[in-house]
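A short write-up of the structure that comes next.
The values are calculated or read from the model by the stated rules, or taken from the named source; none is laboratory data. From a predicted model like this one, the values you see are computed outputs, not experimental measurements. As a convention, Cβ positions derive from the backbone with ideal geometry for all residues, glycine included, and neighbour counts pool all protein chains shown. For the accessible areas, the whole protein counts, side chains as well, though only heavy atoms, and no ligand, DNA or RNA atoms are used. Shrake-Rupley method; radii C 1.70, N 1.55, O 1.52, S 1.80 Å.
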Amino acid sequence: MTLSQPSGEERRVQFLGGASIDGAPVAYLIVLAAVVTVLAFIPFSAVLGMGGSFPMSQGVYSLVGWLLGPLAGAVSSGIGTLIGVFVAPHTTRVWYVSVMSALITSFAAGAMAAGGKRRLWWILPFVLGVLGFAVYVGRGLQNGVALSTALMTTFVNWSALILYLLPTRSLFSRWIASTHVAKMAAGLFLGTWMTYGLAHVCAGAITYLMFNWPAEVWMTLIPIIPVEFATRGAIGAVIGTGVIAGLRAIGLVKPTHAAY
């Protein structure tokens, strides 16, 4: 038995009213900001050099950008992170660095597949990442860190910059928008690694200038940071795959600049 193909013109559902930010309903922003805040309570890794721990919410910053778009995603993640600073201080050490990381990550994720007038928006987070990398590594070299050590320690960062600059940025976006679950999960994992890597090096540049940990710490970070990034990617892939599949199943209207 075969099913006949629809013969009518495909219809597109759009919002005709209601409060929204950059094409995303405010209700969506509130819900996802609440998710970020809740996940801020859950630590998953120690922060060498500063003490404390990373919140699990860092694994969904990119997802929020893909769900809402660059601007709305950044606003939602930023608000959720800022609230988390006050209600979950055990996973925060420098509040404005935490908020900045959320903003850059969500914006970078949302800008990955942007077209039209926004097709060059990806350049902004890329340039910020390059500047952060230059400051971070440059300061380390001044403090006696060997170049080889600096490059191994920042592998997650320069790999993120390369992936974001190359066509892999668009490739990961297509995988996220794919209906193939394995491709979507891979896109979410690699996209999270890539976009958070840009924010991570910007945050690292600021905190390194503040705390200036010794050169010996760089060696201890080499095996730890990739594991942390893999954990963030896994969180983004697991949660993101379920959320996007659910949104598609119930047919919820997508925000204007959503990437899924």
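Tabulated values for the structure
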read-out: Gain upon complete extension [Ile123, Leu166; 0.36 nm per residue less C-alpha separation]; value: 14.3 nm
read-out: Calculated SAXS-style log₁₀ I(q)/I(0) at q = 0.23, 0.29 Å⁻¹ - segment 87-133, Debye, Cα scatterers; value: -0.82, -1.04
read-out: Simple Cβ-charge dipole of segment 20-250, Lys/Arg +1 and Asp/Glu -1, about Cα centre, in debye nearest 20; value: 520
read-out: Calculated FRET efficiency for the pair Phe86/Glu216, C-beta based, R₀ 45 Å, to 0.05; value: 0.85
read-out: Other-chain or far-sequence residues with amide H under 5 Å of Phe44's (modelled H); value: Phe54, Met56
read-out: Solvent-accessible area of Ile162 with every protein chain in place, 1.4 Å probe, in Å² to the nearest 10; value: 80
read-out: Candidate residues Arg93, Arg118: accessible-area rank, largest first, probe 1.4 Å; value: Arg93, Arg118
read-out: Alpha-carbon gyration tensor eigenvalues x 5, square-rooted, for segment 169-210, Å; value: 29, 8, 5
read-out: Degrees between helix 224-250 axis and first principal axis of the chain (Cα, 0 to 90, nearest 10); value: 10
read-out: Gained length - Leu147 relative to Lys183, 0.36 nm times residue gap less alpha-carbon distance; value: 9.4 nm
read-out: Solvent-accessible area, 1.4 Å probe, carbon plus sulfur percent, for the chain; value: 71
read-out: Semi-axis lengths, Å, the chain, gyration tensor of Cα atoms, sqrt of 5 times eigenvalues; value: 34, 19, 16
read-out: Cα lying deepest toward the dipole's positive end in segment 20-250, options Ala111, Ile222, Thr91, charges on Cβ; value: Ala111
read-out: HN-Hα J in Hz across segment 186-203 - Karplus 6.51, -1.76, 1.60, θ = phi - 60°, x for Gly and Pro; value: 5, x, 5, 5, 5, x, 5, 4, 5, 6, 6, x, 5, 5, 4, 6, 5, 5
read-out: Per residue accessible area of segment 131-180, 1.4 Å probe, in Å²; value: 50
read-out: Sequence-distant residues sharing a close amide H with Ala24 (under 5 Å, placed H); value: Thr256
read-out: Farthest toward positive dipole pole in the chain [+1 Lys/Arg, -1 Asp/Glu at C-beta], among Ala102, Gly65, Ser170; value: Ser170
